[in-house]
Structure formats: structure tokens, C-alpha cells
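These notes are about the structure you will find just below.
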Amino acid sequence: MKSEQLIAKPGGHWQPSTNLGQADLVLYFGIRDALEDGHLFKALQQRYPAAAIVGCSTGGQILGDDVTDEIATAVALDFDTTSVKLSVQKITDDNTSNDYGRTIGRELAGPDLAGVFLLSDGISVNGSELTAGLVAELGPDVSLSGGMAGDGAAFKRTLVGGNASPAENVIVAVGFYGPKINIQTGSSGGWDVFGPHRSITRSIGNVLYELDGRPALDLYERYLGDEAAGLPGTALLFPLKISDPKRPEHDIVRTILSVDRIAKTMTFAGNVPQGWTAQLMRGRFSELAAGSADAARQACGGTKKENALALLVSCIGRRLLMGQMVADEIEAATAEIGPDNAILGFYSYGEIAPHKISHIAELHNQTMTITMISESI
């Protein structure tokens, strides 16, 4: 596998000017303003006419050990024997998120399917249902990872494109096929819990109505105090840890996408099942960076990689909390990944990766998720 990393300023040209000559797959990331006119996609299409080209809007790009909003980033991959296939879904009101996951799974299924990398609209899709639908079709043995597109802290519109200019309400999945493709993942958080355990007494899907029989938004606003006026953005700094009382060790982190102040509800990026318990969380820089390093160790499988691609998908909440110190979590990850690999990624509205307990892919929030892709010789 050969790879080439590229950068471009909004409205500009991809650099460097030399290229691989051909590519099977191109992944690219940029803030919404940089992508929505389609210029950067079209430039990649001209540069790599035979490649599958997939990208999304973000809450910031990761390139090597740096985080930037000023440039878009891309990586072109030329595989030796691996083939790729795209499934592109345009979201309508006719199907549920689970339906789209199942459709993608059926389109990509095959005896030599080794893994799937998924990018989804980050606002109009229930990421946990989307992931569950895919797993239901493909089974737990096919590697599944990816993320929900971002829009910084604005939460207005997110864009995804698969062989087309990025647009709203799109889901794209890349299937990797062949015996020599190696895909390993890791995911970790690093957040601290605080406050009492609460019972989720009323919820429907990813909409939370009540905690301990009281309006969920009222309780959340009480904890946030003056910062409640900034919801949903400030909620990124205080995610929820939820768990099934029957499996308390199998916890998932959830973050808010939107609030309804009239109905006093909160809509999360993934499901918040009724009957589960919930507890507020907050982050400390050192522990978030340690979580990032742990995710990298998981993805590397205990050995240093060479000539691999490391795709880092971290949560926008982590970036907003850490501010300029966000470089710490990237540096912690890259130190584990090593210097001989391409490193690219983005800040998301949700991360998709296998759970460390069940090893079945789920939607996570407020984690660092890393996918390592390489080819055996």
C-alpha cells in the first residue's frame, strides 16, 4: 500500500503538486465552509480519476500531530491487491437510521469483505441505530469504524460526499475487500464521572425526556448553571455516561446534539435507552490525553506499524474543552503510532468503533477512535 497526504486552503489547490499517479481511495476532511462549493472535491476527482473519493465536514482536521481549521486535508491510497466499494445513501423521511445501516450492509456484504469505514451526516442521523443496522447485516466479525460529520460548534449543517460534492443528509461507507488488508481499531475516553447515578425514566430512541422522573433538561441546566444558556454547545463539556443496569461495566458516552426548551427534552447523537442509568462526566486534560494514547495502543495491537494509515476520529467536545491544549491528545496518540505512518483525521459529532468489552461496533461520543489500515506484503 502506498499513500500520499495532501493539504489545501479553501478555494485553493491540493499540494504537493506531484502525486502517486493513481489511487484506489481518497479520503478528505475540511470545515463546512471549505467543502460546500465542491471545488476541493472536483480537484481531487481530476487528480485521481479512477479513485473512490470520500469526505466530510468536520470540527477541525487532524494532520500528523497538528490540528487545523485553516486547511483541508486528504490522503490518497494505492493498494497492491485490496479493492474498495462505496455505498452511498441519501437520507429521506421514508427510512430509519437502522434501515440505512441495513441497506449499506447488504450492498457491501461479500465473502472477502474485511472492513468498513463509515462517514455519516452528523445531525439528521441516529448514529447508534445506523451502526446497529450495519452490524445486524454484516455480523460482529467485520471491522466497522468511522464517524459522524461535524460543523464545529455550530451544529447547523454537516456535509458528506461519496464520488460527489459533499452535501447534507448523506451517508457513505467504504468496504475493503481481500485477504491482505489489515484493519485494527482502538477507542478510549478519559472522562471522569461526577454527581449521583440517575435513572433514565423516559426516553424514545435518542431523545431523552426524563431522569429520575423529572424533565431531563431541567436537571441538566441545574448542573450547568450559567453555562446552560449556551446549550447545546456547552453540553459538549459535560457528556453523559450511560449503562445498562444488567451490564454496568458496558458503558457508553453520549453527547447532546440539540435541546427543546419547550418540551424540556435533549436529543443525543445516539440512543439513550429507557431503564438505563446515567451519570454526568467532565474531563481533565491529562486523562483525555492518556485516553488518546490508549486508543492508539489498541489500534496498533501492541506492535509498531510501518507504511500504515492511522485515521483519527475524535469528538468536538474534547477539542472545545481542551482548547489549545488539544494538541496534547494528538501528540499522545502519534507517539504510540510512530513516525513511519500516515496520520489523518477529524473532530466529529460521534465516533464509531467496536466496544472494548463486547468487541461489537457501537456509536461512541467524547472518545478518541483510531483505525489503522495497512496491507500485508
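The values are calculated or read from the model by the stated rules, or taken from the named source; none is laboratory data. Please read all numbers here as calculations on a predicted model, not as lab measurements. Methodologically, a virtual Cβ is constructed for each residue, glycine included, from the backbone with ideal geometry; neighbour enumeration extends over all protein chains shown.
Brief remarks on what is shown
- The set of residues in segment 236-250 that are surrounded by 19 or more Cβ atoms within 10 Å (Cβ to Cβ) and either more than 13 Å from Ser199 (Cα to Cα) or at pLDDT below 85 (or both) comprises Leu236, Phe238, Pro239.
- If you go through segment 66-86 and keep only what is assigned to a strand (DSSP E or B), surrounded by fewer than 17 Cβ atoms within 10 Å (Cβ to Cβ), touching a strand residue (DSSP E or B) at 6+ places or on another chain (Cβ under 8 Å) and touching a residue at least 12 places away in the same chain (Cβ under 8 Å), you end up with Ser83, Lys85.
- Members of segment 270-310 found to be farther than 24 Å from Asp328 by Cβ and under 17 Å from the mean Cα position of the chain (by Cα), listed by number: Gly270, Asn271
- Failed item, numbered, when Ile62 is tested on (1) part of a loop (DSSP other than H, G, I, E, B); (2) at pLDDT 95 or above; (3) not aromatic (Phe, Trp, Tyr): (1)
- Unmet criterion (only one of (1) among the β-branched types (Val, Ile, Thr); (2) assigned by TED's automatic domain parsing to the domain that holds Ala216; (3) crowded, with 22+ Cβ neighbours inside 10 Å) for Val259: (3)
- Listed conditions (1) under 22 Å from Ala308 (Cβ atoms); (2) in contact (Cβ under 8 Å) with a residue 60 or more places away in the chain; (3) of a type in the set (Ser, Thr, Tyr) are all met by Ser57, apart from (1).
- Test: residue in segment 300-308 that is in a helix (DSSP H, G or I) and assigned by TED's automatic domain parsing to the domain that holds Ser145: yes
- Within segment 87-105, considering residues that are closer than 25 Å to Met1 by Cβ and β-branched (Val, Ile, Thr), the one surrounded by the most Cβ atoms within 10 Å (Cβ to Cβ): Ile104
- Annotation: of all residues in segment 298-324 being charged (D, E, K, R) and either free of Cβ contacts under 8 Å to residues at least 24 places away in the same chain or crowded, with 16+ Cβ neighbours inside 10 Å (or both), the one that is farthest from Val67 (Cα to Cα) is Lys305.
- Residue in segment 100-109 that is in the same structural domain as Ile337 (by TED's automatic domain parsing), aromatic (Phe, Trp, Tyr) and not in a helix (DSSP H, G or I) present: no
- For beta carbons closer than 6 Å, sequence separation of 6+ or different chains, a first residue in segment 157-181 that is assigned by TED's automatic domain parsing to the domain that holds Gly55 and at positive phi and a second that is of a type outside the set (Val, Ile, Thr) and modelled with pLDDT under 95, the qualifying pairs are Asn169/Ser124.
- For segment 274-289, the set of residues classified as buried (at least 17 other Cβ atoms within 10 Å of the Cβ) and more than 19 Å from Arg222 (Cβ to Cβ) consists of Trp276, Gly283, Leu288, Ala289, listed by residue number.
- All positions within segment 345-362 that are part of a strand (DSSP E or B), surrounded by 24 or more Cβ atoms within 10 Å (Cβ to Cβ) and either at pLDDT below 95 or not β-branched (Val, Ile, Thr) (or both): Gly345, Phe346, Tyr347, Ser348, Glu351, Ala353, Ala361
- Counting the residues of segment 262-299 that are among the aliphatic types (A, V, I, L, M), within 18 Å of Phe194 (Cα to Cα) and not in a strand (DSSP E or B) gives 1.
- Checked against the criteria, Thr96 counts as β-branched (Val, Ile, Thr), within 14 Å of Asp121 (Cα to Cα) and touching a residue at least 24 places away in the same chain (Cβ under 8 Å).
- Enumeration of residues in segment 210-235 that are closer than 15 Å to Arg261 by Cβ and modelled with pLDDT of 80 or more: Pro215, Ala216, Leu217, Asp218, Leu219, Tyr220, Glu221, Arg222
- Exclusive hit being more than 17 Å from the chain's Cα centre (by Cα) and in the same structural domain as Pro179 (by TED's automatic domain parsing), set Ile337, Ile343: Ile337
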